[in-house]
Amino acid sequence: CTASDRGTMYKAAFLLALCVSANFLESAQAWNKTGHTAIASIAYSNLDPKTKQRVDALLRKHPDYKKWVEGITTEKERSRAAFLAAANWPDRIRYDPRFFDDAAQPTPPVQGFADMERHPIWHYIDLPFSADGAPIPKQIPAPNALTQIELFLKSIGNPAVDESTQVFELPWLLHLVGDVHQPLHCVSRFMKTQMGREAKELMG
């Protein structure tokens, strides 16, 4: 991809974030399968033709693409269905035995997947907040949703990055941009009445 293509990807990600904040901040329960699907549907409908073509091409190379489009007959509908399924994929692998939790015994690699970890901590970012003056952590734990979004934006569309890696990262980007607009995925509240030993250790 050229620098122009990467710029287009950045614009698409920004548009996705804008659509999310404008349409889904009213309900914390929107961030399930239905919510992610709706968010992705809005984003896909607003992609320009060039970006849509590139995104479709990447998703067709995803190892789970055939599952995503099973029973769909037209190419246009397959492309849209794959995009919507990809936005939910990082949640679905939580129950997929091919993948493993970060601290667990690694599972065998599967051809086409750049990574077999489930990465549960990628789904959120703990921005510290206190309403009563309780001390808050000096550092935000990383990796987190924001660090990964920034990484994927630099990687997807970058000719120096292996395409299989980009295929893996695109569903994550679609999913995490939705996740960070869920209030319970982006804040950690600290209260004086709940300052236990573990919380105090986080303060350094």
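The values are calculated or read from the model by the stated rules, or taken from the named source; none is laboratory data. What you see is a predicted model, and the numbers here were worked out from it, not measured in a lab. Cβ: placed from backbone, ideal geometry, glycine included. Neighbour counts: every protein chain shown. In case anyone asks, the SASA skips ligands and DNA or RNA and just uses the protein heavy atoms, side chains included. Shrake-Rupley method; radii C 1.70, N 1.55, O 1.52, S 1.80 Å.
Confirm whether Q111 is of a type in the set (S, T, N, Q) and either in contact with a Cys (Cβ under 8 Å, 6 or more places away or on another chain) or under 22 Å from I42 (Cβ atoms) (or both). No: the conditions fail for Q111.
Inspection of segment 130-144 identifies at least one residue that is in contact (Cβ under 8 Å) with a residue 12 or more places away in the chain, within 27 Å of Y65 (Cβ to Cβ) and not basic (K, R).
Looking at R80, R60, R54 in this structure, which one is at pLDDT 95 or above, within 17 Å of W172 (Cα to Cα) and either in contact with a strand residue (DSSP E or B) (Cβ under 9 Å, 6 or more places away or on another chain) or surrounded by fewer than 17 Cβ atoms within 10 Å (Cβ to Cβ) (or both)?
The match here is R60.
Scanning segment 154-190 for residues that are farther than 19 Å from L127 by Cβ and open to solvent by 30 Å² or more (accessible area, probe 1.4 Å) turns up K154, N158, P159, A160, V161, D162, E163, S164, T165. Sort out which residues of segment 48-80 are among the polar types (S, T, N, Q) and in contact with a Leu (Cβ under 8 Å, 6 or more places away or on another chain), and write them in order of number. Across segment 48-80, the qualifying residue is only S79.
From the list I125, I149, the lone residue that is under 30 Å from I42 (Cβ atoms), at pLDDT 95 or above and either surrounded by 15 or more Cβ atoms within 10 Å (Cβ to Cβ) or not polar (S, T, N, Q) (or both) is I149.
Scanning segment 28-49 for residues that are open to solvent by 30 Å² or more (accessible area, probe 1.4 Å) and either over 21 Å from V167 (Cβ atoms) or in contact with a helix residue (DSSP H, G or I) (Cβ under 6 Å, 6 or more places away or on another chain) (or both) yields A28, Q29, N32, K33, T34, T37, A38, I42, S45, N46. Please go through segment 95-109 and give me each residue that is open to solvent by 80 Å² or more (accessible area, probe 1.4 Å) and more than 21 Å from T165 (Cβ to Cβ), ordered by number. Once the filter is applied, which keeps residues that are open to solvent by 80 Å² or more (accessible area, probe 1.4 Å) and more than 21 Å from T165 (Cβ to Cβ), segment 95-109 yields Y95, P97, A103, Q105. Assuming W89 fulfils every condition listed in (1) part of a helix (DSSP H, G or I); (2) of a type outside the set (A, V, I, L, M); (3) without any contact (Cβ under 8 Å) to a residue 60 or more places away in the chain apart from one, which condition is it? Answer for W89: the failing condition is (3).
Of the residues G71, G112, G133, which single one is in a loop (DSSP other than H, G, I, E, B), surrounded by 12 or more Cβ atoms within 10 Å (Cβ to Cβ) and at positive phi? Among G71, G112, G133, only G112 is in a loop (DSSP other than H, G, I, E, B), surrounded by 12 or more Cβ atoms within 10 Å (Cβ to Cβ) and at positive phi.
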